[in-house]
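The values are calculated or read from the model by the stated rules, or taken from the named source; none is laboratory data. Bear in mind that the values here come from a model prediction, so they are computed numbers and not experimental data. Cβ placement follows ideal geometry from the backbone for every residue including glycine, while neighbour counts extend to all protein chains displayed. We work out accessible area using only protein heavy atoms, side chains counted, and drop any ligands, DNA or RNA first. Shrake-Rupley method; radii C 1.70, N 1.55, O 1.52, S 1.80 Å.
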Amino acid sequence: MRFLTKRNRAILREMVSTDFKLRYQDSVLGYVWSLMRPMFMFVVLYLVFAVIFPVGKEVPNFAIYLLLGIVLWTFFLEVTSNGLNAVVGRGELLRKISIPRYLLVVSVSVSALINLALNLVVVAIFASISAVPLTFSILILPIIIAELYVFALALAFILAALYVRFRDVSHIWDIVTQAAFYATPIV
């Protein structure tokens, strides 16, 4: 398989590393910005659905459920949105170096996967502070994350290919994801 070559692994590793460096370059808060979006959404949705309209009161551990859902949704959104722009955004790189185009999409997805892992640490901290009991269902979480990753990566490949030809795909995808957020059982 061409994807597993030593050269492609080295390129992928370097692209992910560069993505992280560039994302937080000249930023005072650095990685904290990756946490701000899901945390802000969590605070707003928790206030709306647990305080103002107490719908979440009936769900045990609603706050952790909501935070985990938002973190997973943010991961999905990051993979698909960044994957959509991966090929077009790094067109200069493709013109200068001969690399497989799919590595561009895979690199942003791996970067998002690293962000997800760090965000899940924050969720685990909140869960332990809230004294959420651990059950065997936690063992299903890696399987769910793997399925979500494969699904998001597949969509990112499709969106990246479409975006090269049709630039409206970006705007359409923004609308679709906004509508899809409220169609998911997160809230």
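Before moving on, here are some points about what is shown:
- Accessible area per residue (1.4 Å probe, heavy atoms of protein chains only) ranks Y31, Y65, Y163 as Y65, Y31, Y163, with the largest value leading.
- Rolling a 1.4 angstrom probe over the chain with all protein chains present gives an accessible area of which 70% lies on carbon and sulfur atoms.
- Spin-label proximity, L22 to the stretch 116-134 - amide N less than 20 Å from point 7 Å beyond Cα toward beta carbon: 116
- Degrees, to the nearest 10: 62-84 long Cα axis against longest axis of the chain: 10
- Between the alpha-carbon centres of the stretch 47-77 and the stretch 132-177 there is a gap of 19 Å.
- For the chain, accessible area per residue (1.4 Å probe, heavy atoms of protein chains only), Å²: 62
- Here K21 is the anchor, and the lysines within straight C-alpha reach of less than 30 Å, apart from those fewer than 8 places off in the same chain, are K6, K96.
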